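Before any comments, here is the structure.
The values are calculated or read from the model by the stated rules, or taken from the named source; none is laboratory data. Note that the structure is predicted; figures quoted are calculated from it, not measured. Cβ coordinates were reconstructed from backbone atoms using ideal geometry, including for glycine residues, and neighbour counts include every protein chain displayed. Heavy atoms of the whole protein, side chains included, go into the accessibility calculation; ligands, DNA and RNA do not. Shrake-Rupley method; radii C 1.70, N 1.55, O 1.52, S 1.80 Å.
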Amino acid sequence: MKGITILGSTGSIGVSTLDVISQHPDEFELIALTANKDVANLRRQCLRYRPRYAVMADANSAGILRRYLGVELPEISVLAGIEGLEEVAVANETDYVMAAIVGAAGLMPTLAAAKAGKRVLLANKEALVMSGKIFMDAVKEHGAVLLPIDSEHNAIYQCMPADYRDGLSRAGVSRILLTASGGPFRDYPLDRLPEVTPDEACAHPNWNMGRKISVDSATMMNKGLEVIEACWLFDTGPDRIQVVLHPQSIIHSLVEYVDGSVLAQLGNPDMRTPIAHALAWPGRMASGVKPLDLFQIARLDFTEPDLDRFPCLRLAFAAVETGGTATAVLNAANEVAVEAFLQGQIRFTDIPVVVESALDGVPPSPAEALDSILRADQQARIFAASVIGNLAA
Ligand code: NAD
Ligand code: MG
């Protein structure tokens with residue numbers, strides 16, 4: 001039995017993880033479930049899955065959950081705050097940590113899991129975007145096992161040679177081809193983009209995801225964050241990464257070798273495949289995903305992304321070229337801008353404006369220490385909020 005803690009269990013990835021685990025009850029024991037403020041959902045999950053711990057990041061919400069579970073399931077310990085998240089991430093009973101909190105909030109508990117030498121199933125790409133070097137160093141130093149859950153990175157991982165960590169060139173890898181669906185606005189009239197609503201932006205054609213990553217997919221900032229994520233995971237520069245628009249989302253990414261071979265991983269767009277891969281690795285186990293029907297798919301298309309339509313992708317490439325804290329600034333400004341868009345405060349096309357202003361306004365510094373990264377994150381949030389204030393006025 002492996003003990004598993006799910007950080008962000010009430011979210012889209014969290015729910016898919018619970019689905020896969022419940023198909024293999026003899027192999028996994030749930031140690032902890034966590035959420036931010038969603039008491040009703042975490043309570044329901046606790047009643048159904050009976051973890052040892054339940055954590056609410058928000059202290060008030062933890063108090064409410066504790067009152068319910070104190071009567072219903074007193075054997076579950078209810079913890080609160082970032083301390084509670086870190087406690088369950090490093091607990092002795094925890095072997096595997098699914099890092100599925102959205103945004104910068106996931107960084108500290110995910111880093112704690114890496115430092116405790118856990119198997120980290122990484123969905124929270126923002127942790128690598130903010131502090132890739134610190135995170136990858138912690139994984140190496142503490143013997144953690146890092147397995148990517150992001151479908152593209154999981155695909156790349158599956159197509160990589162066993163010795164890729166010795167350097168991509170030595171392993172014969174020439175390029176990483178990162179696929180992207182292009183989201184709901186791939187072919188949308190450009191002049192109507194300023195008017196799109198949050199619900200339209202969240203209506204992804206192929207994937208059903210949380211609202212923040214859905215908006216990121218619509219702006220293609222998600223692909224930008226994934227380029228940065230791939231640079232850290234596979235120890236490469238952005239020059240070796242080609243983004244490929246592939247509207248069907250069947251090929252989840254490809255690895256090109258010097259001999260002309262290109263390996264791809266295909267499957268139906270369902271996050272339970274990468275989740276099951278990372279849970280069972282180096283073995284395989286069933287995920288509940290239906291088999292791929294190539295005859296029904298019939299064709300696969302590929303085009304180059306248009307950086308005028310998707311300025312966020314250009315900004316992400318620029319930030320990774322700048323290096324240091326620039327990617328943390330990109331990430332933080334984007335989080336604030338996406339939230340403002342979801343709240344109806346700014347237009348969809350204002351998102352890249354806010355991010356670009358923050359990249360121009362917050363000077364980059366080396367990203368060697370967590371303090372400087374967290375400071376840059378805070379500065380970018382303040383800067384982005386003031387830009388949003390001006391745009392909304
Ligand atoms: P979601 O919004 O559906 O769920 C987020 C989870 O994090 C929830 O359980 C929520 O309670 C928790 N959370 C939110 N804010 C928090 C905070 N401040 N403190 C503690 N917990 C908090 O998001 P999602 O779509 O499941 O995405 C989760 C992560 O996985 C993101 O980083 C996303 O980029 C990545 N990811 C998601 C998908 C997908 O298909 N959904 C695919 C690839 C990568
Ligand atoms: Mg992805």
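Summary table
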{"item": "Candidates V320, V336 - the one that is among the aliphatic types (A, V, I, L, M) and over 22 Å from K133 (Cα atoms)", "result": "V336"}
{"item": "Residues of the range 189-214 classified as closer than 30 Å to M160 by Cβ, in contact with a helix residue (DSSP H, G or I) (Cβ under 9 Å, 6 or more places away or on another chain) and in contact (Cβ under 8 Å) with a residue 40 or more places away in the chain, total", "result": "6"}
{"item": "Near pairs, Cβ below 7 angstrom, 6+ apart or cross-chain, from the range 333-351 (assigned by TED's automatic domain parsing to the domain that holds I388) to any residue that is open to solvent by 50 Å² or more (accessible area, probe 1.4 Å) and of a type in the set (D, E, K, R)", "result": "V336/R381; L342/R211"}
{"item": "Number of the exception - G117 against (1) within 16 Å of ligand 1 (Cβ to nearest atom); (2) at pLDDT 95 or above", "result": "(1)"}
{"item": "Count of the range 330-347 residues which are of a type outside the set (D, E, K, R) and either open to solvent by 10 Å² or more (accessible area, probe 1.4 Å) or touching a Gly at 6+ places or on another chain (Cβ under 7 Å) (or both)", "result": "6"}
{"item": "Close pairs from the range 3-17: first within 16 Å of R44 (Cβ to Cβ) and without any contact (Cβ under 8 Å) to a residue 60 or more places away in the chain, partner more than 7 Å from ligand 1 (Cβ to nearest atom) and among the aliphatic types (A, V, I, L, M), Cβ under 6 Å, at least 6 apart", "result": "T10/L42"}
{"item": "Qualifying positions in the range 223-239 - touching a Gly at 6+ places or on another chain (Cβ under 8 Å) and either without any contact (Cβ under 8 Å) to a residue 24 or more places away in the chain or more than 13 Å from ligand 1 (Cβ to nearest atom) (or both)", "result": "C231, W232, D235"}
{"item": "Failed item, numbered, when K125 is tested on (1) within 16 Å of ligand 2 (Cβ to nearest atom); (2) open to solvent by 20 Å² or more (accessible area, probe 1.4 Å); (3) within 19 Å of G324 (Cα to Cα)", "result": "(2)"}
{"item": "Candidate set: the range 1-16, residues that are of a type in the set (S, T, Y) and near ligand 1 (Cβ under 9 Å from one of its atoms); chosen: the one least open to solvent (accessible area, probe 1.4 Å)", "result": "S9"}
{"item": "Any hit, the range 22-30, residues being open to solvent by less than 10 Å² (accessible area, probe 1.4 Å) and either closer than 18 Å to A278 by Cβ or more than 16 Å from ligand 2 (Cβ to nearest atom) (or both)", "result": "no"}
{"item": "Odd one out for A155, checked against (1) open to solvent by less than 30 Å² (accessible area, probe 1.4 Å); (2) touching an Asp or Glu at 6+ places or on another chain (Cβ under 9 Å)", "result": "(2)"}
{"item": "Matching option when the condition is within 16 Å of ligand 2 (Cβ to nearest atom) and either part of a loop (DSSP other than H, G, I, E, B) or in contact with a helix residue (DSSP H, G or I) (Cβ under 7 Å, 6 or more places away or on another chain) (or both), among R170, R175, R186", "result": "R186"}
{"item": "Total residues in the range 368-393, condition under 21 Å from the mean Cα position of the chain (by Cα) and open to solvent by 20 Å² or more (accessible area, probe 1.4 Å)", "result": "4"}
{"item": "Any hit, the range 149-159, residues being among the β-branched types (V, I, T) and within 16 Å of ligand 1 (Cβ to nearest atom)", "result": "yes"}
{"item": "Those helices (runs of 4 or more DSSP H) lying entirely in the range 1-80 with at least 2 residues in contact with a Ser or Thr (Cβ under 8 Å, 6 or more places away or on another chain)", "result": "12-22, 39-49"}
{"item": "Check on V39, under 16 Å from G11 (Cβ atoms) and open to solvent by 10 Å² or more (accessible area, probe 1.4 Å)", "result": "yes"}
{"item": "Filter result for the condition that a residue is part of a helix (DSSP H, G or I), basic (K, R) and within 14 Å of ligand 2 (Cβ to nearest atom), over K133, K212", "result": "K212"}
{"item": "For N208: the one exception among (1) within 14 Å of ligand 1 (Cβ to nearest atom); (2) surrounded by fewer than 18 Cβ atoms within 10 Å (Cβ to Cβ); (3) modelled with pLDDT of 95 or more", "result": "(3)"}
